[in-house]
């Protein structure tokens, strides 16, 4: 049956999409839908970046599935209908709140570097770093995908429905087809590199070489066959056997930029279960994902600094709280850029970074009427800060609450829009290895996030779960956006907890981000009015399009309230 998204197409107004330049751009803006009230549900809810993915998740919940079951169905459909952002060829981080024990667990499905990769992976013969796009497009940038292994591990622990049942919505959509949305069309149209390799060129463009038009019925029988195999045989079918062989061959034979992945790399991949990073914030507990993502630790640092200020008494998005948020972000990002990396390879001083005494001391550096400028890390170590380099922002976040009170907050990615531009068996392969530092050392000191065999590149993904004073679920939130994810997500935690906004109102706020540099305000929003007052306080201000993809579920007064970012095509559905 053909799936139409007429209402969605009518609410989105396409924006002009410039070609990407020498630096990586955010996943392009493709319009903004009108403001909407929060979705409300009594028992269960799914919020995801595409209506068909949210429908798949809700179908599983209605069949008696758990939040993890619904997450699997949602992710598999996202990989089909939103291939530029996430999929089984990429990686993911997932937090799960257990409604019975009130505990939060972190599942790590981050990609890993090939065992043959070393510190010179992204260096030219003369020792200089490669150009960003030169590194991205092709096989060199592809890490071992972790999404499927992570989802299977979570399902083994917390699934209720059979594994194969969760694949059916995506398999049916792949076989029967789905309509190309305005956003997918716009991203295909603007991409300079998607025609580099035949499978992606053949899939995303017409025979005349034009981007698939809005409303085109797009079928993906290759993806359907891949999912059928994995549904029948489990994730091992992806990591061993014909699928793994095809991925490795595609990567190693990528013309002009081959990669180093091997069958051994696939066979040794392991998704990891880690303790969530949790820290009090006022009368709640905020939990984030630990390294190799920097998102959880950095967001908790920002909140820990801001807890020393009376934000609840401030006007939402006024110059005072925005100034304080920007300054706290500077301090946290200074530490992030020096210390955060894969904790299985690097000694990350999390206990010190998140301690009350340390964060109070960092808060004491903030002046209410003037900016710090560029902040320095809070202590010294024999590590160099990672140099600035472009990073991917093509990611997707979904939030789910099931009828038993369990919750999922998950962020998944292929890094750049359409990842490495390599496709195999109906899905896109990531370019996550370019999240590593291209240079391994500076001034004779190692960079924590340098390339090492088997290492997971540092991420900024920040799936977040908040518990109230009694330990009950309060909020699940997260976003795409590269290193801006941290700012996008942290602002929404503040909006709900300190300003009392509902989930939808929170995600609709203008975006404001500081990454220990300029304070960036979202173009075309009321945030632009803050530029003058912030400059008066010493901020360097930039105004840019900031295409977040925030999705949130909030519980208040015994009901669930969903928020879907109007900057993308997401929707909240509940019962």
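Sort 549-557, 244-252 for me by packing, meaning the mean count of neighbouring Cβ atoms within 10 Å per residue, highest on top.
Order by mean packing, descending: 549-557, 244-252.
How high is the relative contact order of the range 474-575? Use alpha-carbon pairs under 8 Å, at least six apart in sequence, and give a whole percent.
31
Using the Cα atoms as the points, what is the convex hull volume per residue of the chain in Å³?
In the chain, the Cα hull volume divided by residue count equals 131 Å³.
Compute the distance in nm between two label points, each set 7 Å from the Cα along the Cα-to-Cβ direction, one at residue 403 and one at residue 267.
In this crude spin-label approximation the distance works out to 4.4 nm.
Under the 0.36 nm per residue contour assumption, what length would be gained going from the current alpha-carbon distance of residue 370 and residue 315 to full extension?
Once the chain is fully extended between residue 370 and residue 315, it gains 17.9 nm.
Highest mean first, how do 45-54, 351-360 rank when packing is the count of other Cβ atoms within 10 Å averaged over residues?
Those peptides, ordered most packed to least, come out 45-54, 351-360.
Express the Stokes-Einstein translational diffusion coefficient of the range 329-394 in µm² s⁻¹, to the nearest whole number, given a Kirkwood radius over alpha-carbon pairs, 25 °C and a viscosity of 0.890 mPa s.
Taking Rh from Cα pairs, D becomes 184 µm²/s.
Figure the gain on full extension for residue 164 and residue 126 (residue separation times 0.36 nm, minus the Cα-Cα span) and round it to one decimal in nm.
Gain in length upon complete extension: 8.6 nm.
Expressed in nm to one decimal, what extension gain is obtained for the pair residue 222 and residue 441 from 0.36 nm per residue of sequence separation less their Cα-Cα distance?
74.6 nm
Please report the relative contact order for the chain, taking Cα pairs under 8 Å with a sequence separation of at least 6, and give it as a percent rounded to a whole number.
Worked out over the chain, it gives 25 percent.
Could you work out the relative contact order of the range 225-268? I mean the mean sequence separation of Cα pairs under 8 Å and 6+ apart, divided by the number of residues, in percent.
Value for the range 225-268: 30 percent.
Which residues among the range 202-227 fall inside the zone where the amide N is under 14 Å from a point 7 Å beyond the Cα of residue 255, along Cα→Cβ?
Backbone N within reach: 202.
Taking the alpha carbon gyration tensor of the range 446-506, what are the square roots of 5 times its eigenvalues, largest first, to the nearest whole Å?
Result for the range 446-506: semi-axes of 30, 14, 9 Å.
List 74, 540, 105, 464 from most exposed to least, where exposure is judged by having the fewest other Cβ atoms within 10 Å.
Fewest-to-most Cβ neighbours within 10 Å comes out as 540, 105, 464, 74.
How big is the equivalent ellipsoid of the range 352-427 along its three axes, where each semi-axis is √(5λ) from the Cα gyration tensor, reported in whole Å from largest to smallest?
36, 24, 13
Would you mind checking the radius of gyration and Dmax of the range 125-251 based on alpha-carbon positions, in Å?
When restricted to the Cα atoms of the range 125-251, Rg and Dmax are 17.6, 55 Å.
What FRET efficiency comes out for residue 116 versus residue 40 if R0 is 51 angstrom and r is the Cβ-Cβ distance? Round to the nearest 0.05.
Efficiency, rounded to the nearest 0.05: 0.45.
With r defined as the distance between the Cβ atoms of residue 274 and residue 100 and R0 fixed at 30 Å, what FRET efficiency is calculated, to the nearest 0.05?
The formula returns an efficiency of 0.90 here.
Arrange the peptides 568-574, 476-482 so that the one whose residues have, on average, the most other Cβ atoms within 10 Å appears first.
476-482, 568-574
Throughout, read-outs are computed from the coordinates displayed, never taken from laboratory work. Quick caveat: nothing in here was measured; it's all calculated off a predicted structure. With ideal geometry, Cβ positions are generated from the backbone for all residues, glycine too; neighbour counts draw on all protein chains shown.
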